[in-house]
1. Name every residue in the range 73-131 that is over 20 Å from the mean Cα position of the chain (by Cα) and of a type in the set (D, E, K, R), in order of residue number.
2. Out of the residues in the range 204-218 that are of a type in the set (A, V, I, L, M, F, W, C) and away from ligand 2 (no atom under 16 Å from the Cβ), state the one that is farthest from R380 (Cα to Cα).
3. Quick one: R167 ticks every box in (1) in contact (Cβ under 8 Å) with a residue 40 or more places away in the chain; (2) within 9 Å of ligand 1 (Cβ to nearest atom); (3) farther than 13 Å from T122 by Cβ except a single one, so which number is it?
4. Answer with yes or no whether P45 is away from ligand 2 (no atom under 16 Å from the Cβ), touching a residue at least 40 places away in the same chain (Cβ under 8 Å) and surrounded by fewer than 19 Cβ atoms within 10 Å (Cβ to Cβ).
5. Which condition number in (1) surrounded by 19 or more Cβ atoms within 10 Å (Cβ to Cβ); (2) within 30 Å of L321 (Cα to Cα) is the one that L142 fails?
6. Would you say L99 is within 14 Å of Y284 (Cα to Cα), part of a helix (DSSP H, G or I) and either of a type in the set (V, I, T) or in contact with a Gly (Cβ under 6 Å, 6 or more places away or on another chain) (or both)?
7. So how many residues does the range 279-322 have that are surrounded by fewer than 19 Cβ atoms within 10 Å (Cβ to Cβ) and small (G, A, S)?
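The values are calculated or read from the model by the stated rules, or taken from the named source; none is laboratory data. Owing to the predicted nature of the structure, the values given are computational and were not obtained by experimental measurement. When we count neighbours, we look across all protein chains shown, and the Cβ atoms used for this are built from the backbone with ideal geometry, even at glycine.
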Amino acid sequence: MNILVVGSGGREHAICHAVARSSRADKIYCAPGNAGIAELAECVPIGAMEFDKLVDFAKDKAIDFAIIGMDDPLVGGIVDRFEAAGIKTFGPRENAAILEGSKAFSKELMKKYGIPTAAYETFTDPEKALSYLKTAKLPIVLKADGLALGKGVLICNTLEEAEDGVRTIMQEKKFGDAGNTLVIEEFMTGREVSVLSFTDGKTIQLMSSAQDHKRAFDGDEGPNTGGMGTFSPSPFYTEEIDQRCKEEIFQKTVDAMAAEGRPFVGVIFFGLMLTEDGPKVLEYNCRFGDPEAQVVLPRMKNDILDVMEACVDGRLSELKLDFEDNAAVCVVLASKGYPVSYDKGFAISGLEKFDNRQYFCFHAGTAKDENGQTVTSGGRVLGVTAKGASLAEARKNAYAATEWVGFENKFMRTDIGKEFV
Ligand code: AMP
Ligand code: GLY
């Protein structure tokens, strides 16, 4: 099969690795890709939102199967466009990707179908939002309705902060049109766990659980980031919690989307909060997590193309997902100053040391300079993943491997997965 992967981050590198392991993959293309992906796939300089060019390219290269890694093109309807051109594509159509694309939609869905989540109200009028805040309990959570690069969520401890937040999102439009509608939500406490799943619109099968570290610095200090590291599985995601989620959340979500005439085909990422009252949905994403994919996919035993094709064909019930009985830890190597401001263009050394079986180095912000040298080109530069028999061993291996890689201004958290060791 000729495969096209759309995206350019560490997640797409992990997807390309899994595809490259498949005996069914012939030629792999990635648009736009990055310097690491270029070792596995032919990278083509077409942006993920350039739908016309992507469709033309896919037709020209006789692509048999397209895989969309990123949220923006999914929410923008890329799957519908590919399908209209006759190209089999993995990912939700536009009417299903709204599960991530609109928080107001997903909250309403959960309310309608009795899926546990935080209590909330939705506003389109900032004055109404402001007057609601006067009676609301603190802390309180404000969420811009639409996609905001993971930044449209504000947790406010005081009324002043919350009022400022409403103005920032709804009036100053800091997150653009994503802030036309605002969700104001009850603040929940508990452990956060990510559970990724494959679904064909009827059947859902869960991948191994994972946990993300979103803050920039050790001890969960500092600003929010795209993710500084992950581990899988999560020791907090017990059998008992899994059972409850299966009864109360997973299948119900798939069935709810089908009942709404929006069958969801692809990956549903459940962002869960394990509260005292049981697991509740924090958010849905309509694609693999980044950097969750970097710890989950290397542990998956199935041929990824078999699984993805079964989703698109509506026969996922015929397959069983199988994961290695081990653990993986991913430590993100960032550029000092991320997520605020940082320099780029520094040469990266040590990349040849990874065996791509137990040790992986997934590229995120890298590029080739004019001499063919791999250099830093983003805030999050690399995701170093290692497997081990236990989380403790995987963690030891991952941190050992971070030492193999060198670049100026290299920065990482030193406590990914530490509390379990
Ligand atoms: P989201 O994009 O909805 O996942 O929100 C980003 C982060 O904000 C989550 O990972 C949580 O850490 C936090 N968050 C979101 N909603 C809530 C909530 N209702 N209560 C507490 N924390 C929340
Ligand atoms: N790591 C969180 C996400 O991909 O949304």
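1. Taking the range 73-131 and keeping what is over 20 Å from the mean Cα position of the chain (by Cα), we get 80-88, 108-116, 118-131.
Residues satisfying the conditions are D80, R81, E83, K88, E108, K111, K112, E121, D125, E127, K128.
2. First, the residues of the range 204-218 that are of a type in the set (A, V, I, L, M, F, W, C): 204, 206-207, 210, 216-217.
Restricting the remaining residues to those that are away from ligand 2 (no atom under 16 Å from the Cβ) gives 204, 206, 217.
Numbers: I204: 32, L206: 28, F217: 13 Å.
Taking the candidates together, the pick is I204.
3. (2)
4. Values: away from ligand 2 (no atom under 16 Å from the Cβ): yes; touching a residue at least 40 places away in the same chain (Cβ under 8 Å): no; surrounded by fewer than 19 Cβ atoms within 10 Å (Cβ to Cβ): yes.
No.
5. (2)
6. On the way: within 14 Å of Y284 (Cα to Cα): yes; part of a helix (DSSP H, G or I): yes; either of a type in the set (V, I, T) or in contact with a Gly (Cβ under 6 Å, 6 or more places away or on another chain) (or both): no.
No; evaluated as a whole, the condition is false for this residue.
7. Residues in the range 279-322 being surrounded by fewer than 19 Cβ atoms within 10 Å (Cβ to Cβ) and small (G, A, S): 2 in total.
Every residue, every condition in (1) part of a loop (DSSP other than H, G, I, E, B); (2) in contact with a strand residue (DSSP E or B) (Cβ under 7 Å, 6 or more places away or on another chain); (3) not β-branched (V, I, T), yes or no:
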{"residue": "K344", "(1), (2), (3)": "yes, yes, yes"}
{"residue": "E352", "(1), (2), (3)": "no, no, yes"}
{"residue": "A367", "(1), (2), (3)": "no, yes, yes"}
{"residue": "G383", "(1), (2), (3)": "no, yes, yes"}
{"residue": "R395", "(1), (2), (3)": "no, yes, yes"}
